[in-house]
1. With respect to B:Arg694, determine if the residue is at negative phi, facing chain A (nearest Cβ under 9 Å) and open to solvent by less than 50 Å² (accessible area, probe 1.4 Å).
2. Got a number for residues in segment B:266-283 being assigned to a helix (DSSP H, G or I) and open to solvent by 10 Å² or more (accessible area, probe 1.4 Å)?
3. Considering segment B:569-603 alone, what residues qualify as being in contact with a His (Cβ under 6 Å, 6 or more places away or on another chain) and assigned by TED's automatic domain parsing to the domain that holds B:Val674?
4. If you check B:Gly397, B:Gly413, B:Gly427, which single one turns out to be outside the structural domain of B:Ala614 (by TED's automatic domain parsing) and more than 18 Å from B:Pro477 (Cα to Cα)?
5. Tally time: how many residues in segment A:719-740 are free of Cβ contacts under 8 Å to residues at least 60 places away in the same chain and within 26 Å of A:Ala514 (Cβ to Cβ)?
6. Out of B:Gly722, B:Gly682, B:Gly669, which single residue is at the interface with chain A (Cβ under 7 Å from one of its Cβ atoms) and more than 42 Å from the chain's Cα centre (by Cα)?
7. Out of the residues in segment A:697-713 meeting the condition of being among the small types (Gly, Ala, Ser) and more than 7 Å from chain B (Cβ to nearest Cβ), tell me which one is nearest to A:Asn681 (Cα to Cα).
Protein chains: 2
Amino acid sequence: MAPGRVDGNPVEGSTIHAAKDQLVTAKKQPAADTRLTRLHDHVLKTYRILIADLCQQFNMGHPGGAIGMAAIGVALWKYAMRYAPHSPDWFNRDRFVLSNGHACLFQYSFLHLSGYKAMTFEQLKSYHSERADSLCPGHPEIEIEGIEVTTGPLGQGVANAVGLAVATKNLAATYNQPGNEVVSNHTWCMIGDACLQEGVGLEAISLAGHWRLNNLTIIYDNNQITCDGSVDMVNNEDINAKMRACGFHVLEVSDGCYDIDGIAQALETARHSSEKPYFINIKTTIGLGSAVAGKAASHGAPFGAEDVKAMKVANGFDPEKHFEIGAEVRDFFSELPERGKGFVTEWEEALRRYCGEFPELGEEFQARMRGEIRKDWRELVPKTFDTAPTASRVSGGKVINPLAKAINSFMVGTADLSPSVNMIWEGKVDFQPPSLQTACGINGTYAGRYLHYGIREHAMAGIANGLAAFSRGTILPVTSSFFMFYLYAAPAVRMGALQHLHVIHVATHDSIGAGEDGPTHQPIELAALFRSMPHLLYIRPGDSEEVAGAWEVAIAYTDGSSIISESRHKIPQLHGGGEGKGLTRRDGVAKGAYVLQEVDDADTADVTIIGVGAELSFAVDVAAALQSERGVRARVVSFPCWRLFEMQSVEYRRSVLRRHGPKDAHTAGIPVVVIEPYAPNGWERYADAGINMRTFGHSLPGKYIYDHFGFETVKMTDKVVGYLEGIKEGKYIKGEFVDL
Amino acid sequence: MAPGRVDGNPVEGSTIHAAKDQLVTAKKQPAADTRLTRLHDHVLKTYRILIADLCQQFNMGHPGGAIGMAAIGVALWKYAMRYAPHSPDWFNRDRFVLSNGHACLFQYSFLHLSGYKAMTFEQLKSYHSERADSLCPGHPEIEIEGIEVTTGPLGQGVANAVGLAVATKNLAATYNQPGNEVVSNHTWCMIGDACLQEGVGLEAISLAGHWRLNNLTIIYDNNQITCDGSVDMVNNEDINAKMRACGFHVLEVSDGCYDIDGIAQALETARHSSEKPYFINIKTTIGLGSAVAGKAASHGAPFGAEDVKAMKVANGFDPEKHFEIGAEVRDFFSELPERGKGFVTEWEEALRRYCGEFPELGEEFQARMRGEIRKDWRELVPKTFDTAPTASRVSGGKVINPLAKAINSFMVGTADLSPSVNMIWEGKVDFQPPSLQTACGINGTYAGRYLHYGIREHAMAGIANGLAAFSRGTILPVTSSFFMFYLYAAPAVRMGALQHLHVIHVATHDSIGAGEDGPTHQPIELAALFRSMPHLLYIRPGDSEEVAGAWEVAIAYTDGSSIISESRHKIPQLHGGGEGKGLTRRDGVAKGAYVLQEVDDADTADVTIIGVGAELSFAVDVAAALQSERGVRARVVSFPCWRLFEMQSVEYRRSVLRRHGPKDAHTAGIPVVVIEPYAPNGWERYADAGINMRTFGHSLPGKYIYDHFGFETVKMTDKVVGYLEGIKEGKYIKGEFVDL
């Protein structure tokens, strides 16, 4: 199709070449007067019946959305998007995100029709089967060819798409040369009504508008139906006006069920936007053609065998046949793999030219495409540190700033806490639209690698996921905020972990040590969530040396995401100046936990004290007081990360904790007491007793807060002594955790 | 002040009586030509210097916002708001929410000046002191006289304010009679730039517009500064257009630093809005008068002693004096307690008339004001249940529907999952604006008690907090969604728990049993968060009987919030028909855990199996298989709620778990194995080994998913047997949790 052609049908109400910010009013029904229009019509019918069959098969699934979006899908996969089915990971492919992920059949079917090899017909038909290896899970998953990000939790995809578009902008600004554009892809994000209601979607939209991401198009499947019924029950906004206010161009397609040409033309207009992202508002009918068309009932349940039959009859299909895709339809899509090969060949040729003309940049670009960062990155990590008390958020800055400066894979951002999180390196440049000049003197460039996300923690983490998903290893996104506000971001942090995305989150103010900000800002229970989350390292380093270790781990851990949890306040330094000089050891962090201080003849120690993060020194102080004032011989273990510890051998773990007896595993071992002002939940795995928080925090300045809750050396020492006496007195059952 | 008066100064650009949706353009500087204007000016100066002093005192705090909002504060407390300082809990008071809670000094100072008794001058000066009993914590806290909700995490206050306004609307629609309006208060919500960026704020704004809450006014302290610098770094939206698109009237005040009259007039206009909420966009200068005025530096740090001195000199104050509040200023505010008494007297008179004219309604209204629900509510809980397998989300509906129908304290809502969560009772009426008629046939009334929140989980929980905070016990909000999406809502759930707000969250689809929706929808690690959260009961009932128990607990637990966690899929019923007939016991739920099945001579049992919630029957099945096929004598414990169990005596807890030996606490007890397809974290407190999830879930239909992860009777039985053999073989250390 030549973009802009509308099969000779004049468009009512306005020209189809809508000016920016005007609406496309398209024809109401397809005029069946051209061969292509008839073919389109047949493809749509085939597609809709296929979706109905796929859901009917196992009497499960979400048919309505996919059916309503059929014409959008044809416009995307057949006309608008540039991709290569046989090279699904082609670097410069357009990215497509299905933010309304429950409509996953939409994507699976078009992946199949357009020739993605893995998405065989058999695979397509395995939707909701008993096959654990199905490539058609209930929501799109990143592991599948042609799927860019896992979606499902609503609104996330919008943030991911913004991240994907930012990645393109940044790489293009960094590598493209005049006449030699090696990064030029577009990002298409399909949304439903829900993504416009979810806060994370609204945050991301706001940023997309601010950043003027003209390489991003949001396609709104405007069917006005959600699970509860019609959208006007919960939303009567003027959505076009809202999107315009957020910095988008808006196009509207009134007949989104049939008008493939109008949609394709709107998409083409959007691709060539000069300065803003586009929002394409496409009116559709959910479950079109079924007995429940336009109703919530068509959203999340199959139509029933009778209705599916009726659909077939009404459309001239054989009611007894299932999954019928005629030759005409196959043929319609058959050119796509070849077209894709053409895109790839053209791009590879451009890349060859580029590498010839700009060999250094070309080499760097290719290394980044391979997901490599410079091999000597560890050399950039400081080896020595000041011994004066230092907030670990300050240590974090010292560790990461030289890396972020030197390695342009790093895209570092913050949810409006630049002065607090210390992630700014000397000479850092903001990622901002080139046309922006701010009141505080910033001149925008997309080549910048420091992102001001605003006070939008959730979108920040979702956008970071998009940056990481663009092409694994090409960009290493780092986010930052107060630890407490990673609860806002948690759904996106989870999605990053689920997708094994390499994202590093820097969470400062990570305990009651945050002080006067009070209980709203003092995390007590939040670590329990992240410590339980698969593929997520929650690391609480105890001083600068451990901060270095935490960063080394987080950079090396490419199988998932990490949270580096740092203190607001100054904490004692136990490293004696740096690597190997004092108690703390960066390589100890990599093991999750390690013996910080051993006693002579360790098997005969009286107690092991676990210390963690901002309060690691408390364990050291208590051990010293136990030894000097009570004659109690205490070992000290530093325990920055549970998940890393779990990855160690049982022998290593036992050697650290020594809960077994001196001779064998059955004689009484050494009791373990953990000190951490978090809820104890989960520490029971590693300790026998704990000095923890059982309540929310309190607003008190940092120098008073710990004492207020009993985290003071004498009080804690008394508790440990009391506990050890209690053991002798037989007060406790072995295996029963004691809250001290 | 007479509203509408502008001291004779003509207003530039438009009339001060702005038409709805037009802007007020106010004068740029106060003309010092009237006594009142001079007095206003003096009050503002005094106030700003007071704030600077309060932050300087302990060299901590957030001065900039409070200083910038000085004129807004005067307009609110002196003119616009109806409240009674000596009766801070007066039922019909206006509610004020400081969503930008870090500017708490703003509120504390005005509470002090307007005569709240608890907020003495000494208390005011305790801001950031070492006093643990300070009434001036780092963010406003609900426990303090004159503070409606705890704020701090940004955006939450907006949602709370929407909830407060909904409460008024619902109570007014339920109880007010023509000419006899016993509920007529207004809600004022102060926000900064951040609340317009946070997703939860945007979600709540969208709902406020939809619900046409003309009794809500959002006051925007538009200073264009956040921590990172100028807002144009992260936001260049046309905010007025956006708010209009969301269904708000917009007024703008251009000289928000001085123009008390203009602000007061805008507030008065907003109070009398006929059909929409108002958004008042007030341009201010952060840290006005300091050397860092208009800069981010004035946001979160004191100005320094020299600068504070300079401010005093520049304003004609004695630079050596601190906390100076002159008699003229005291006098300016002195009428407020008396005025407040007048409001209360007038209202009490109206209430007396009301109760005389409408004795039944009056009695009910008064009971609700006292926070009472009918004493016989437990009688409404079903006593018997079907014995056929039932999804606990269905059981939940059966339990709560008759209660919600009969007790109009219940305001039940859902984030667009009505068909899934089963919270609709026969004859339920939606809470919708009276002017609304939806495509699906709803005619709005504010008397309705079923809330469609849309796909806005976070705002839902924040709004529920506002409903609960309106007046403790008057409204019992119930929210509902899939459990996984309570991660979206978690920051608001936390705020509810922190404030001891009585809110019940119904979380369905609570395990991998959610099935084909896949890992994005299958909670694995989320319970760890909520089980660690103070003042929150996370309850997983195991069948209909336990669902009844869970609801009884959640309704009775007025000291905080609860989550009732329900299955998507049908689960076996262990109650034998109802209360006391089978294994499960509703009164057992109240204890957190209880013995479901004991063996003869319990001390000699081989193992205790803990079962939970949707998978409780797995424990029963495994115990039966152990007994019949392996000769292993297994006890079974049902364990729906950790926090409730922790509230029991140590004797009770030990009697349930029997981890002590038969004679005393030191001989070997009975090993405990927990079965729950969640991350194990925290179970180590109650069990010695576990069959749990260590990965994310998988998309497979419900009938395959459990087996896929090994939650199948034979496999689990083998694991338990293997574990018991391992103990005999000495493979494990007592106290070391074993992942089976």
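1. no
2. Looking only at segment B:266-283, we keep the residues that are assigned to a helix (DSSP H, G or I), and these are B:266-271.
Pick out the ones that are also open to solvent by 10 Å² or more (accessible area, probe 1.4 Å) and you get B:268-269, B:271.
Number satisfying all stated conditions: 3.
3. If the condition is that a residue be in contact with a His (Cβ under 6 Å, 6 or more places away or on another chain) and assigned by TED's automatic domain parsing to the domain that holds B:Val674, then no residue fits.
4. B:Gly427
5. Here the count works out to 2.
6. Only one candidate qualifies: B:Gly669.
7. Selected residue: A:Gly697.
Every residue, every condition in (1) under 21 Å from B:Asp739 (Cβ atoms); (2) out of contact with any Lys or Arg (no Cβ under 8 Å at 6 or more places or on another chain); (3) away from chain A (no Cβ under 14 Å); (4) open to solvent by less than 50 Å² (accessible area, probe 1.4 Å), yes or no:
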residue	(1), (2), (3), (4)
B:Arg586	no, yes, yes, yes
B:Tyr594	no, no, yes, yes
B:Ile609	yes, no, yes, yes
B:Ala619	yes, yes, yes, yes
B:Ser638	no, yes, yes, yes
B:Arg659	yes, yes, no, yes
B:Val674	yes, yes, no, yes
B:Tyr678	yes, yes, no, yes
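The values are calculated or read from the model by the stated rules, or taken from the named source; none is laboratory data. Here the structure is a predicted model, which means the values were calculated and not measured. Note that we place each Cβ from the backbone using ideal geometry, even for glycine, and neighbour counts take in every protein chain shown. Ligands, DNA and RNA are excluded from the accessible area calculation, which covers all protein heavy atoms including side chains. Shrake-Rupley method; radii C 1.70, N 1.55, O 1.52, S 1.80 Å.
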